Amino acid sequence: MSETSHGIGGLTFDAKKRAWPNEMNVFIALVAIIAIFELLGQVLPYMNGQSLLFDFNTARDGTILNMVRLKIIILQVSIIGIIAIGSTQVIISGGIDLSPGSVVGLTAMVSMSFAQTALVNGNPNPKAIFGEAFMDLPVIVPIIVALAIGILAGAVNGLLIAYTKIPPFIATLGMMVAARGAAKWWSKGQPISFPTDPFADIGNGLAGWSPVVIFIGLAILFHFVLKYTVYGKHTYAIGSNEDAARMSGIKVDRHKVLVYTIAGMLAGLSALVLASKNLTAQAGMGVMYELDAIAMTVIGGVSLAGGRGSIVGTVLGALIFGVIISGFTYLRLDAYYQEMVKGAIIVAAVVLDQWRRGRAAARG
Amino acid sequence: MSDVQTNLYSTDFSHGAAPSGEVILETRGLTKHYGGVHALQDANFILHKGEHVAIMGDNGAGKSTFVRQITGVETRTRGEVVFDGRPVHFENPMDARDAGIETVFQTLALADQLDVPDNLFLGRELVKFKLGPFSILDYKAMRERTIGALEKTGVKIPNIRGTIERMSGGQRQCVAIARTATFHSKLTIMDEPTAALGVQETAQVENIIRTLKEQGEPLILVSHNMRQVMDLCDRIVVFRRGRICANLDIRAGEISGEDVVAYITGAKTQPEYADAA
């Protein structure tokens, strides 16, 4: 039985043929945005022909790529990118999660409390939260604490959404406010600092590339999970047509709890990397991260209506984010413009998504 | 696959498998009350293996109520349902489906953004490595079985990897129907399968129904379309005001559409169903 062509009554169907992937459009957008910055670098008189991504004059590290800027582009979106992976599967399932930013704040505070070192330059840790017994713990302790808090917060979101039937927007808004409050309450607003060396390595190891490696590693893992597992298929099915999913025997409520729990766990992981990278935790960490994460997914072609999108798209969306931020710095433009342009791009991405959906519906 | 393909191209469907006489579904005194409304009253119904039976009746006559009791969408007030030799009591549509009753609803239970194999196997995916919810999908096997099912039903879909949203209403309905062939169901129930379709698409669905007939798959067809029912079915069971009022064998061609309409409107009632008059 050959796989490509099965004819019935003169018609053939092709098992391999697929539609133009939406991710290609996002990739083209990424290339186009890079090209605009490169062009501006050549055209604007004050730029003196500088380039965003390339480094022709001084082949510093043996490549024509500007590795320093490339690293910054990916590094600055990695931590929020980890959250965006969670948001991607939540939005594909037809939901929304507003809580990860606050969960990052809470998780950073609590896990950092279990990661403190007893002595700082020979003196007792001035920011100590617990007594001696909780100092210099093995690094696995704060990691487990962070994952547990993320999982717990996500599970509460999921249980509320699945079993009280309140809209995800409201359930996760409640968690957003409550988790931020808990983060401030934890140390009465005081920052928590001076972690152990192994904890500091989580976000600073591998010559500073560690957040990038963690982000890309998780992206690959969840790309596989969404594309090739039953979990992924059910996530798409629920977002696509919840009634059909239910009628087909998918345990929709249980699945939703799992989706939000995994999103919470990823927020916890993101907090771990963030606290470690900054060597400190503050109650205000992660403010607005959820919105940046949602923006990355939307720019990456994930439909807010559910059922459509991919991790590849979200990673490309995150890169578009990174390129815009770095591009504005490189053009020496104020951060204000950055935010305005970011806002415009988010709206444009949603408009594009609706237009695409309208076109698909018209064809059907 | 060749044994299936041999009879697929035949356009002569008149030699469909004759009902074998073995009963696949029987209801005795099936009754459903919604509060004080007697939506279904003492329905005694028999379906034989290989038989295609149409259920007709006016709106509110009890057709859909009857179907809902059999498919587990609702639980009956009273009566018995015997399916494949066993008394059954389905709690939900999944129970009925697991037992081998596949229902094609008027409102399609398809996920628009997924492709054909995904939809056929929705909720019962084939996996090649078991790992709880993270079991790994066996796409190749699902594709191959999808192609097999489409060939068996004669459904023509240009590209099975295309998403459902890009398909015509007829193609979507065909995908929904192809589910029955994929899972070797023992009974297919179709509730107004062509109500929303155009002429050509209706013909496509009707061809699939003929193919099912040829293969001896029993079918209950709920339809308002007299021509369709006369063309496709062996028997018509007419419902009126919650009761069965006629059981008409139409194979001999002695019963006309006007006769059936008379039963539907209440102008006529078969003597054995006198209490429905």
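Summary table
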item	result
Residue match in the stretch A:307-319 (condition: away from chain B (no Cβ under 14 Å), basic (Lys, Arg) and in contact (Cβ under 8 Å) with a residue 24 or more places away in the chain)	no
Condition met for B:ARG86 (within 14 Å of chain A (Cβ to nearest Cβ), surrounded by fewer than 22 Cβ atoms within 10 Å (Cβ to Cβ) and without any contact (Cβ under 8 Å) to a residue 40 or more places away in the chain)	no
Subset of the stretch A:192-228 (residues that are of a type in the set (D, E, K, R) and either outside any helix (DSSP H, G or I) or over 30 Å from B:PRO117 (Cα atoms) (or both))	A:ASP197, A:ASP201
Strands (runs of 3 or more DSSP E) within the stretch B:196-277 that include 1 or more residues open to solvent by less than 10 Å² (accessible area, probe 1.4 Å) and not aliphatic (A, V, I, L, M)	B:235-240, B:243-249
The lone exception for A:PHE169 - which of (1) aromatic (Phe, Trp, Tyr); (2) modelled with pLDDT of 90 or more; (3) not in a helix (DSSP H, G or I) it fails	(3)
Residue that is farthest from the other protein chains (Cβ to nearest Cβ) [pool: residues in the stretch B:138-164 that are without any contact (Cβ under 8 Å) to a residue 24 or more places away in the chain and closer than 19 Å to A:LEU226 by Cβ]	B:ASP138
Hey, B:PHE66 at pLDDT 90 or above, assigned to a helix (DSSP H, G or I) and within 22 Å of B:LEU232 (Cβ to Cβ) or not	yes
Residue check for B:LEU150: crowded, with 21+ Cβ neighbours inside 10 Å, part of a loop (DSSP other than H, G, I, E, B) and either modelled with pLDDT under 90 or of a type in the set (Ser, Thr, Tyr) (or both)	no
Residue match in the stretch B:105-125 (condition: surrounded by fewer than 23 Cβ atoms within 10 Å (Cβ to Cβ), basic (Lys, Arg) and more than 13 Å from chain A (Cβ to nearest Cβ))	no
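A quick yes/no check of all residues on (1) more than 25 Å from the chain's Cα centre (by Cα); (2) under 25 Å from A:LEU291 (Cα atoms); (3) open to solvent by 30 Å² or more (accessible area, probe 1.4 Å):
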position: A:GLY81; (1), (2), (3): no, yes, no
position: A:GLY105; (1), (2), (3): no, yes, no
position: A:PRO126; (1), (2), (3): yes, no, yes
position: A:ILE144; (1), (2), (3): no, no, yes
position: A:ILE151; (1), (2), (3): no, yes, yes
position: A:LEU159; (1), (2), (3): no, yes, yes
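The values are calculated or read from the model by the stated rules, or taken from the named source; none is laboratory data. The structure presented is a predicted model; accordingly, all values stated were derived computationally and were not measured. For neighbour counting, all protein chains shown are included, and Cβ atoms are generated from backbone atoms with ideal geometry for every residue, glycine included. Areas reflect the complete protein model, heavy atoms only, side chains present, ligands, DNA and RNA absent. Shrake-Rupley method; radii C 1.70, N 1.55, O 1.52, S 1.80 Å.
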